[in-house]
Amino acid sequence: QVQLVESGGGLVQPGGSLTLSCAASGRISSIDDMGWYRQAPGKQRDLVATISRQGSTNYADSVNGRFAISRDNAKNTVYLQMNSLKPEDTAVYYCNARITRVGNAFVYDYWGQGTQVTVSS
């Protein structure tokens, strides 16, 4: 089994910062792209940022310049540093990873359980 476990969400004031972490565990052979998505109440789940195994990054326009995604391949962990947070950043944030399991030739998408980020004064 493979699991993604997120941590770091919470309540923060506008202009504040938070860092999210997501660790993958289990019988993992390799991890390709990792990323963060978010879903606000009544809205679809949207891309926030992705990072390749080699470190190439991609950001949604709404967070570019404020958020930074990074990863530690040795720890199978991806991070999202969120700065200058706005009320419109309020959402459940989900971690995603494209993982090849040990003994399996296929790449599967895995999701974390989600962590709530609330930006409010």
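Here are the numbers:
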{"item": "Rounded percent of accessible protein surface that carbon and sulfur make up, the chain, 1.4 Å probe", "result": "45 percent"}
{"item": "Residue-by-residue Karplus 3J(HN,Hα) for the stretch 47-62, coefficients 6.51, -1.76, 1.60, Hz, glycine and proline x", "result": "5, 9, 6, 10, 9, 7, 4, 7, x, 6, 10, 9, 10, 5, 4, 5"}
{"item": "Note, ³J(HN,Hα) from phi for the stretch 75-80, Karplus 6.51, -1.76, 1.60, rounded to Hz, x at Gly and Pro", "result": "9, 6, 10, 10, 10, 9"}
{"item": "Probe 1.4 Å, accessible area per residue of the chain, Å²", "result": "53 Å²"}
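The values are calculated or read from the model by the stated rules, or taken from the named source; none is laboratory data. Note that the structure is predicted; figures quoted are calculated from it, not measured. Keep in mind that these areas ignore ligands, DNA and RNA; they rest on the heavy atoms of the full protein, side chains included. Shrake-Rupley method; radii C 1.70, N 1.55, O 1.52, S 1.80 Å.
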